[in-house]
Each structure stands twice: as structure tokens, then as C-alpha cells.
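*Asks:* Below: one structure in C-alpha cells.
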Amino acid sequence: MPLVNMSKLLKEAEKGDYGIGAFSVANMEMVLGVIRAAEELKSPVILQVAQVRLPYSPLKAFGPLMIAAAKEATVPVAVHLDHGLDLDTVKMALELGFTSVMIDASSLPIVENIQMVQKVKELADQYGADVEAEVGQLAGSEDGSVDHEMLYSDPDEVEKLYQETKLDAIALSIGNAHGLYKDTPRLNFNILEEAHKRVPVPLVLHGGSGISDEDFRRCIAGGIRKVNVATATFLSVENAVREYCKSEKHDYFVMSDTMVKGTYENVCRHIKVFQSDNKV
Ligand code: 13P
């Protein structure tokens, strides 16, 4: 099954009324764990890495690994740059064959956000790749380094971004947050409903870790097609390794497989909630 465009997966998800998990990965074991889960559950999937994580997983080395794993998979896999922050990194991901990129200029006023998205769209079009961008701002940050104030997406701005860029997917801020939630998340489904009415493109939910299964289902019924999950998978890997280290005998390769399994378990759980299983 080939490496595919994210928009293809999201369009099929729209038709079938399910969500696609976009799972953040940081090393080979995590890539293998995501692919193992997707293959076993016959689910399309998105593999992604965020720009802030590149100091740990250098794009020029890790990107080709993600692409190769996607090409080898027996299910459709899109490879995505999450939270791209500058044109050089976006261009590098596109050169490597990533099938979609996110440009995160959501901290800028909407006019400047749009200008940035237009530049990225022009670039991505040359590679036949898709573009995601964000309106509003999530609390927390991808790597926990900053604690942004949450700013809800304004549906007028969501519509303006779409009209002026014709991008492929829009990430919303509806009370979702990156990292672990301090309190039970309370999502604003009115914003989701309004944004969904205004734009014909799939919507994206970041900050998937800690959202309840019921809220995931409501989001998907309301037009969310891409669901980003990072922290929950990293924790699942950490916990699996911590448990493994309690055993008396240690073997590096068993530990490596433990990381694959830690990833696999969390990805399986989410794929079932998003109902993308048995869609291939
Ligand atoms: P979590 O780490 O909260 O799952 O967020 C993932 C995400 O949105 C990546 O962009």
C-alpha cells in the first residue's frame, strides 16, 4: 500500500464518518508500533513529527525512515510535518517526500497567519502535498516549553483562512490543549459546529491526549477528521519501559520491542475510538 496524501485519507473519513489518528512519533520503535497497530486493525493512519521535536529526531535522518515505513506498510499511511514553524523546515520535509505539512502561524494576527499559509500552500503545491494550518491558539505547547493562553477559534477567521488559501485541513482551538490537561477538558462544540458549517475542508483536533472517548466521538460526528495524539503515546512507551526495567534480566532488544508494544497499545486504543479500523 503506498504512501498517500493526507487529504485522500481525510476525504474517505468524511465519507465514512470516522476520524483518522495522526500519531506523533520520535524514533524507529514508535514508527513500527504505529504501523503494527494500523496494519493489524486495517486502519489508515497518519505518522507525524513536530518541528520542536527535531532536535531529538533529526528530520534528515528520521524523515526518510518515516517515509520508508509508510511505503512498506500494508495500509495507507500519510507522513506529516506537525507544527511547522518556518519555511526552511517545511521545504525540507517536502523535499524528503512528506505528503503534508502543517504551518503553525496561529500566534500571529489572522492576516499574517493567512500570508504565511499562502506561502506554504504555493510551496506544497509544487510537491503535490497538502497543507494544514491553525486558527486560534491551544493552551500548552507541543513540547511543554511554553504555556500559551487558550484563544478559541473564531469561525469568521476560519472561513477567511479557507477562502484566501484553499488549504486542505484546519486545526481548531475549542478548549483542547497540548500535553496533559490540568482539569477535565470542556470542549466548546458550538465553535466546532459553526466552523464545520462555514468551510468544506476537514477539521483537525490537536491535543488528543486526555480527551474522553465520548468527546472524541462527538468531535468526529461534528466534522473533526484528523485527531492528533502525542503525549498519551509517549507516556504509554515510558510506562512500558519502566515496567520492563523492573524485571530481573535486561536485554536491549527486548526493551526495544517493549517500546514498539507501548506505542502499539495506545495507537490501537485510539484507532478503535476513532472508528477507522476495518476501513482498508
Ligand atoms: P497531545 O500531546 O496533547 O496528544 O497533543 C498532540 C498534538 O496535538 C500534536 O500536534
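*Asks:* What is the one condition in (1) open to solvent by less than 10 Å² (accessible area, probe 1.4 Å); (2) within 19 Å of Thr231 (Cβ to Cβ); (3) of a type in the set (Gly, Ala, Ser) that Ser141 does not satisfy?
*Replies:* Going through the list (1) open to solvent by less than 10 Å² (accessible area, probe 1.4 Å); (2) within 19 Å of Thr231 (Cβ to Cβ); (3) of a type in the set (Gly, Ala, Ser), Ser141 breaks only (1).
Conditions (1) away from the ligand (no atom under 16 Å from the Cβ); (2) at negative phi, marked per residue:
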residue	(1), (2)
Ala22	no, yes
Leu32	yes, yes
Leu41	yes, yes
Gln51	no, yes
Leu54	no, yes
Ser57	no, yes
Leu65	yes, yes
Val77	yes, yes
His83	no, no
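*Asks:* Yes or no: Ala13 away from the ligand (no atom under 16 Å from the Cβ), among the aliphatic types (A, V, I, L, M) and outside any loop (DSSP other than H, G, I, E, B)?
*Replies:* yes
*Asks:* Could you please give the count of residues in segment 158-184 that are closer than 17 Å to Ala105 by Cα, within 13 Å of the ligand (Cβ to nearest atom) and hydroxyl-bearing (Ser, Thr, Tyr)?
*Replies:* Counting residues in segment 158-184 that are closer than 17 Å to Ala105 by Cα, within 13 Å of the ligand (Cβ to nearest atom) and hydroxyl-bearing (Ser, Thr, Tyr) gives 1.
*Asks:* Moving on to the next point. Could you list, in sequence order, all residues of segment 196-223 that are open to solvent by less than 60 Å² (accessible area, probe 1.4 Å), touching a strand residue (DSSP E or B) at 6+ places or on another chain (Cβ under 7 Å) and part of a helix (DSSP H, G or I)?
*Replies:* Phe216, Cys219
*Asks:* For the condition free of Cβ contacts under 8 Å to residues at least 40 places away in the same chain and outside any helix (DSSP H, G or I), what is the one hit in Glu248, Glu193?
*Replies:* Glu248
*Asks:* Also, I was wondering about something else. Name the single residue, out of those in segment 28-48 being in contact with a strand residue (DSSP E or B) (Cβ under 7 Å, 6 or more places away or on another chain) and touching a residue at least 60 places away in the same chain (Cβ under 8 Å), that is nearest to Phe253 (Cα to Cα).
*Replies:* So the residue we want is Val34.
*Asks:* Return the total of residues in segment 224-271 being open to solvent by 50 Å² or more (accessible area, probe 1.4 Å) and either within 14 Å of Arg36 (Cα to Cα) or within 15 Å of the chain's Cα centre (by Cα) (or both).
*Replies:* Within segment 224-271, residues that are open to solvent by 50 Å² or more (accessible area, probe 1.4 Å) and either within 14 Å of Arg36 (Cα to Cα) or within 15 Å of the chain's Cα centre (by Cα) (or both) number 4.
*Asks:* Specify which of the listed residues (Val111, Val146) is assigned to a helix (DSSP H, G or I) and either open to solvent by 80 Å² or more (accessible area, probe 1.4 Å) or at pLDDT below 95 (or both).
*Replies:* Residue meeting the stated conditions: Val111.
*Asks:* Turning to a different aspect of this structure: Might you let me know whether segment 166-185 holds any residue that is touching a helix residue (DSSP H, G or I) at 6+ places or on another chain (Cβ under 8 Å), among the hydrophobic types (A, V, I, L, M, F, W, C) and loosely packed, with under 15 Cβ neighbours inside 10 Å?
*Replies:* Looking for residues that are touching a helix residue (DSSP H, G or I) at 6+ places or on another chain (Cβ under 8 Å), among the hydrophobic types (A, V, I, L, M, F, W, C) and loosely packed, with under 15 Cβ neighbours inside 10 Å, one finds at least one in segment 166-185, hence yes.
*Asks:* Continuing with this model, one more query. Is at least one residue of segment 185-201 modelled with pLDDT under 95 and within 14 Å of the ligand (Cβ to nearest atom)?
*Replies:* yes
The values are calculated or read from the model by the stated rules, or taken from the named source; none is laboratory data. Nothing here was measured: the structure is a model prediction, and the numbers come from that model. All Cβ positions, glycine included, derive from the backbone under ideal geometry; neighbour counts span all protein chains shown. These accessible areas exclude ligands, DNA and RNA; they are computed on the full protein's heavy atoms, side chains included. Shrake-Rupley method; radii C 1.70, N 1.55, O 1.52, S 1.80 Å.
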